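Data block below; observations after.
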Amino acid sequence: MRHCRQAPARTGAVRGRPGEAPGPDAVRRSLDGAAERAVERARLAVSPVGRRVFALSCVIALTAVGWTSSAPLLGAAFGAVVLPEGPAVPVAGILGGLTVAIDPGHGGFDPGVLEGPVRETDINLAVSLMLRDILERAGAEVVLTRTEDIDLVQPGDEERYGSEARADLKRRLEAAEAAGADLFLSLHCNAFPSPVWRGSQTFYDPESRAGYLLAEAIQAELVRVTGETDRTPNGRIDSFLLKNAAFPAVIVELGFLSNPRDLELLQDAGYQRLLAMAVFFGICRFVHSSPAAAPAGQREGPDG
Ligand SMILES: [Zn+2]
């Protein structure tokens, strides 16, 4: 069984602590040709109509977030405002033309982190399905690598790829590629031996500038929308998925099942919906912002 154990931040794991200064290797990278093309491909995938309606609807949607964030029943209120069953924040069309692959981490032979009766695979899937609904409402094509509790291993794969786990990941990338994905997001929950670490965090491959930009956009919205994390995007990860993705790709660790507060939040449907909305806004931010608008001094190294 694979467990999610992305290393927590060396600093800033508890809210309010400052991040550590960039190290000498955390030099800002320039956009290389391939990364720039990947970012542009995703941005250009969105139709001109989508771009035109984006500004207005984003203002309205973000206002809705601001309002519900201060409400005690923020999750429920949020759903009433934004989700398909609710009355209409006009997000329709703002991601038209974009194809997003969502990978609910684990499933089948591999439940991920187990915390008592709580299974990581179930939470990953619940948030992924909510994210799918929101993205589709915004006009995006969505492909999920799984929609139930299964893995993707095919007969003979173990021999072909060396292990079930590797084969499962390979098949997930293949599903995204076959769908012509512009972006790839793998959703997980973290766990660590110490219960003090908490908060959602987005990971990217250190060699992928496009992945970094997507992670930065999603993490910024996780911080703003949920109010439950002050972490920054993290590139200290050696991930087969991220290394081998042919598109901007990130792993979103939704929270720590090993932390009591995160454990409670992650099981709450309202909070799951809030996480999904945050990721959605992150995708909007990534797709609709220009590379030139990215703030200077982005760092690839230490997180906070
Ligand atoms: Zn996981």
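Just so you know, all these numbers are worked out from the coordinates, no wet-lab data involved. No experiment lies behind these values; they were computed from the predicted model shown. No Cβ is skipped: glycine too gets one built from the backbone with ideal geometry, and neighbour counts run over all protein chains shown.
Odds and ends about this structure:
- Taking a sphere under 12 Å around the Cβ of Val142 and counting the other residues whose Cβ falls inside, with K and R at +1 and D and E at -1, yields a net charge of -3.
- Model label points for Arg236 and Arg261, set 7 angstrom from Cα along the Cα-to-Cβ axis, are 2.2 nm apart.
- Alpha-carbon centroids, segment 190-242 and segment 91-160: separation in whole Å: 18
- Exposure proxy ranking for Asp182, Asp122, Asp268, based on other Cβ atoms within 10 angstrom of each Cβ and starting from the fewest, stands as Asp268, Asp122, Asp182.
- Ranked packing of 238-249, 126-137, most packed first, by mean Cβ within 10 Å: 126-137, 238-249
- Near Glu264: Cβ cut-off under 14 Å, other residues only, Lys/Arg at +1 and Asp/Glu at -1. The net charge is -2.
- 3J(HN,Hα) along segment 94-104: 6, 10, x, x, 8, 10, 10, 9, 10, 10, x Hz, from the Karplus curve 6.51 cos²θ - 1.76 cosθ + 1.60 with θ = phi - 60°, whole Hz, x for Gly and Pro.
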